[in-house]
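Read through the structure below, which is laid out as structure tokens, and then see the notes.
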Amino acid sequence: MMVDQVVIPALKILIVLNAVLVGVTFMVLLERKVIAWTQARLGPMRVGPYGVLQPIADVVKLMTKEDITPVKADRWVFSVAPLIALIPALIVFAVIPFGPEVSLFGRQVALYITDLNVGLLYVVSVASIGVYGIILAGWASNSKFPLLASLRASAQLISYEVAVTMTLVSMIVSAGTLSMVGIVNAQESQQVWYLFVQPLAFFIFFVGGLAETNRAPFDMPEAEQELTGGFHTEYSGMRFALFFLAEYANMIVVSAVATTLFLGGWLRPFPNVAALSFLDLVPAWCWFLAKTFVFLYIFLWVRATLPRYRYDQLMRLGWKVLIPLAIANVVVSGLVKVLL
Amino acid sequence: MADVITFYTLAALILIFGLLVVTTRNTVHSVLFLVADFLAVAMLYASMNSLFVAAIQVLVYAGGIVVLYLFVVMLVNLKRPPEEVRDPARQTGLGGVLAGVVLAELALIAVANALDPPATDAASSTAGLTEQVGLALYTDYLIPFEVASVLLLVAMVGAIVLARREL
Amino acid sequence: MTTDVRPMFDTDELVINMGPQHPSTHGVLRVVLRLDGERVVGSDVVIGYLHRGIEKLCESRDWTQIVLLTDRMDYVAAATNNIGYCQTVEKLMSIEVPRRARYVRTIMAELQRIASHCLWLGTHAMDIGAMTVFLYAFRERELILDLFEEYCGARLTYNSMRIGGLPLDLPPGWDRKVLGFCDVMEQKLVEYEELLTNNRIWLERTKGIGVIPAEEAVAIGLSGPPLRGSGVQRDIRKDEPYAAYDEMRFEVPIGKACDTYDRYLVRLEEFRQSVRIIRQAVEGLPEGPIVGKVPRLIKPPAGETYHAIESPKGELGYFIAADGKSTAPYRFRVRPPSFCNLQALPRLIQGHLVADVVALIGSIDVVLGEVDR
């Protein structure tokens, strides 16, 4: 009883949190490497063989830097903002299903922290809190460029959250459940990844995901060339690092959610082809991580390739293209569900 | 027992945050306390097993509406002193009447509950789940639901008319 | 272009200071923007942060020393500045430059045009967020720097011309390397175009941004690619040929839409035309002396002259007055293309968004060393 209710969940939380934080630091290295290779460079090469220890050096550097608070800043909000950005990005992982239930040392252990009945809503609602970190950071800095950046962030979030949430509605129509585990199970029983059932929803989700994580080509809030550093211009040291952590953790969240919703979560490729059943030899969570990695790679690839949208163009894309498409997709999914 | 402690802790938090919202001088701080208040309310819902309502509370109020509040508060210069209250006595009186009405309503509910305790059957433990909320909205509460949506439509039209007078 | 920073009485306007320390102002340009939301309602361009008084300094240096001061103006295309200055003095003294030297000058000028346009393309694309193009363009620019290093030993400020011709003959095998570079450059241009020319985001960011009609462009005094982007057929290489341009076959690309995208297309086509000119010049490179008949002491006769060449950024003109007595110019004045083109900036960014401001600064292609001198 004690073990099942306290020890195992605590262990799971510990493992997931640590994995995410370590994953984030190496994500930064991966980003630098991938973009360097795209651009005919080598990337970090000095710390460790091929620069693999660079993240450790980065973390040490960021932790030992001076933490500056501008005199005119709102001290209280200024110090809380990085936490508001980071915490939602981390607690979303509570409902991400990394794998099914497996038996470990004679115990049935589920490879997720919890399976909420409203898992998908939980993800959306917690993610919507994260933007406060950006807005407040920009406002509390009491500086013009960060303020402009934070205005862009709020406008961007409001536009894209609507489209992304709409695509989730059509996913719920397909799966008939809001539970993350339930959605994977539905894909298993229907023997198809929802990517092939809802390609339009997948596209909208991916574009919206890029926008919500402030990644290129929608990295308006931190557009270096226009707004110098964006909302975190006035931040330094560990507080800056928290924003960095939040951004990359959010990328991992979006990738993991996309994997769960559209790529069958922990299911092997082509669950409907029996001839490929040897793929089941690979543990389920490995499939999950591999698919998430593919998404993360696409994030980096897009960043290395595309120019940046302008703020009003981004709004136009969100409101005039993605939201109507998402609404149409919901209507069509509903009709198909009712008629077939 | 644990439920009771959770409830009173959260209720106290909600009250404290609510008070801070109206007493803080800095408007952005005030909005922040409002967010904290909504989050505490969401936790209260969650503690009562109404996960769906809790998630919607966070998504719509904390994540959506208050972002717009914050937008307005940040953009509009609120450093200006508030306009002079012309008739303080009238406002106090109105406030007193409203507070009295709310108190009376709460007392009525408390009395009614004491006389006829609500059933705590199995149905109530699933009352906050998605299916039940959906069913209730589209069967028993269909008319209030539609009326609310018409109200929102009116508000939207009003906002557009106000924003763009030269339509 | 004065500092006119009005106090902010109207609270609806936000005044922000872009530069002189800002990643996209290409040096130490400062633009004071008055914003309504993110829309620019007014702007003041503030220059002078890099002023070193080169023009005045030249009036106390003798004629050969000035060559190396001209390097420090448009340091992205230093050899072009050298050529312009040397030709002006040659005009003043009526010195005949040998044909081989004129051919080499043409090659150098066109290599510098490619190098300068590489830097422009990289930074312009980077300002709009396409950072890969930046490194690709710098990779090719590096090849040009290598060629110059082999010729004169320097990589940025070359001091690579002498009055009357060249200081050095070409190193053996240099011409073949230049031809090799031309092949590489043509391939890489395709790469740049794949990343940008038909990219939807690039089109949305550049089409219809900063439109300046031909008459207005002429009235403001634009020159070079920004002028040609507005559809005006004006290229000093064609209209008043200097060096060996009269013997070269090339076309002058012009734009139609007068916007940032057309200025981009014009410059990309100039890459191709430059490669074409370099090929012709290297293949037809005559043998012979590299310096004309220059007196041991350079002392031009009293008089004044204005001579302009087509630098990568536009019309680079030198006005030099000599009193015929001293060994230094009496008056030395430069018409820098970046400075004159920069005058169009407030007009271009009016009514656009902050994001377009950086795109437009990039589209004008300024080098602050030349603006401030």
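Sorted into 10 angstrom bins from 0, the C-alpha pair distances of the protein assembly as shown split as 2, 10, 18, 20, 17, 13, 9, 6, 3, 2, 0, 0 percent.
A cut-off of 5 Å between modelled amide H atoms, ignoring neighbours fewer than 5 places along the same chain, links A:Ala110 with A:Val102. The B:Asn113 and B:Val157 beta-carbon pair, evaluated with R₀ = 35 Å, returns a calculated FRET efficiency of approximately 0.30.
Kindly list the residues of the range A:29-63 that lie in the label zone of C:Glu191, defined by a backbone N under 16 Å from the point 7 Å along the Cα-to-C-beta vector. From the range A:29-63, the list is A:35-43.
In terms of its C-alpha gyration tensor, the range A:66-339 comes out prolate, because a/c is 1.5 or above and the ratio a/b outweighs b/c. Of all lysines in the structure, not one lies under 20 Å Cα to Cα from A:Lys337 without also being fewer than 8 positions from it along the same chain.
The Cα center of the range C:316-343 and the Cα center of the range C:212-234 differ in position by 23 Å. Per atom type, the range B:1-77 shows carbon and sulfur on 75% of its accessible surface, probed at 1.4 Å. Remark: spin-label model distance B:Thr6-A:Leu200 equals 4.1 nm, labels positioned 7 Å along the Cα→Cβ axis. Applying the Karplus relation 6.51 cos²θ - 1.76 cosθ + 1.60 with θ = phi - 60° to the range B:21-30 yields 3J(HN,Hα) values of 4, 8, 9, 5, 7, 6, 5, 5, 4, 4 Hz, where x marks Gly and Pro.
Listed values for the range C:280-293 are Karplus-derived 3J(HN,Hα) couplings in whole Hz (6.51 cos²θ - 1.76 cosθ + 1.60, θ = phi - 60°), namely 4, 5, 5, 5, x, 4, x, 7, x, x, 10, 10, x, 7, and x replaces Gly and Pro.
Could you work out what % of the accessible surface of chain C is carbon and sulfur, using a 1.4 angstrom probe and leaving DNA, RNA and ligands out of the count? Ligands and nucleic acids excluded, carbon and sulfur reach 52 percent. The C-A contact accounts for approximately 2700 Å² of buried accessible area, totalled over both chains at a 1.4 Å probe radius. The residues of the range A:135-256 have, on average, 26 Å² of accessible surface per residue, using a 1.4 Å probe with all protein chains present.
Per residue, the accessible area of the range C:1-153 comes to 35 Å² when a 1.4 Å probe rolls over the protein heavy atoms. All other residues whose Cβ lies under 13 angstrom from that of A:Ala155 are scored, Lys and Arg at +1 and Asp and Glu at -1, for a net of -1.
If the chain linking C:Asp183 and C:Gln350 were pulled fully straight, counting 0.36 nm for each residue of separation and taking away their Cα-Cα distance, it would gain 56.0 nm.
Ignoring ligands, DNA and RNA, how much accessible area is buried between chains A and B, both sides summed, with a 1.4 Å probe, to the nearest 100 Å²? Buried area between the two chains comes out at roughly 2100 Å².
If you run the Gaussian network model on chain C, springs between alpha carbon atoms under 10 Å, then out of C:Ile298, C:Ile107, C:Ile209 the most flexible one is C:Ile298.
Each residue, A:Leu83 and A:Arg316, gets one label point 7 Å from its Cα in the Cβ direction; the gap between the two is 4.3 nm.
Where the centre of each part is set by its Cα atoms, how far does the range A:142-185 sit from the range B:41-58, in angstrom? That distance is 19 Å. The simple Förster model, with R0 at 22 Å and r as the Cβ-Cβ distance, assigns B:Asp140 and B:Ser47 a FRET efficiency of 0.35.
In sequence order, the range A:257-266 has phi-based couplings of 5, 4, 4, 5, 6, 10, 10, x, x, 7 Hz under the Karplus curve 6.51 cos²θ - 1.76 cosθ + 1.60, θ = phi - 60°, and Gly or Pro positions carry x. Taking amide H as placed 1.01 Å from N in the peptide plane, C:Ala130 has its amide H under 5 Å from the amide H of A:Arg308, each at least 5 places away in sequence or on another chain.
Between A:Ile129, A:Ile183, A:Ile204, the residue with the greatest mean-square fluctuation in the GNM of chain A (Cα pairs under 10 Å linked by springs) is A:Ile129.
Across the range B:1-77, Cα-Cα pairs farther apart than 17 Å form 49% of the total. If the cut-off is a Cα-Cα distance under 30 Å, which lysines reach A:Lys72, setting aside same-chain residues fewer than 8 apart in sequence? Correct list for A:Lys72: A:Lys61, A:Lys144, B:Lys79.
Note on the protein assembly as shown: helix-only mean residue ellipticity at 222 nm, from DSSP H runs of 4+ residues weighted -39500 (n - 2.57) and normalised by residue number, equals -19000 deg cm²/dmol. Rolling a 1.4 angstrom probe over the protein heavy atoms with all chains in place gives the range B:1-77 an accessible area of 54 Å² per residue. Interface residues of the range A:139-155, defined as a loss of at least 50 Å² in heavy-atom accessible area between the chain alone and the complex of all protein chains with a 1.4 Å probe, are A:Trp139, A:Lys144, A:Phe145, A:Leu148, A:Leu151. Share of carbon and sulfur in the accessible area of the range A:66-339 stands at 70%, probe radius 1.4 Å. Calculated FRET efficiency, C:Arg52 to C:Asp146, Cβ-Cβ distance, R0 = 35 Å: about 0.80 to the nearest 0.05. The lysines whose alpha-carbon is closer than 23 Å to the alpha-carbon of C:Lys256, local same-chain residues fewer than 8 away aside, are C:Lys207, C:Lys238, C:Lys313. Under a 5 Å amide H cut-off, with hydrogens placed 1.01 Å from N, C:Val291 pairs with C:Leu166 among residues at least 5 apart or on other chains.
The values are calculated or read from the model by the stated rules, or taken from the named source; none is laboratory data. Treat the numbers as computed from the prediction; the structure is a model and nothing was measured. Counting neighbours? That spans all protein chains shown, and the Cβs are built from the backbone with ideal geometry, glycine included. Keep in mind that these areas ignore ligands, DNA and RNA; they rest on the heavy atoms of the full protein, side chains included. Shrake-Rupley method; radii C 1.70, N 1.55, O 1.52, S 1.80 Å.
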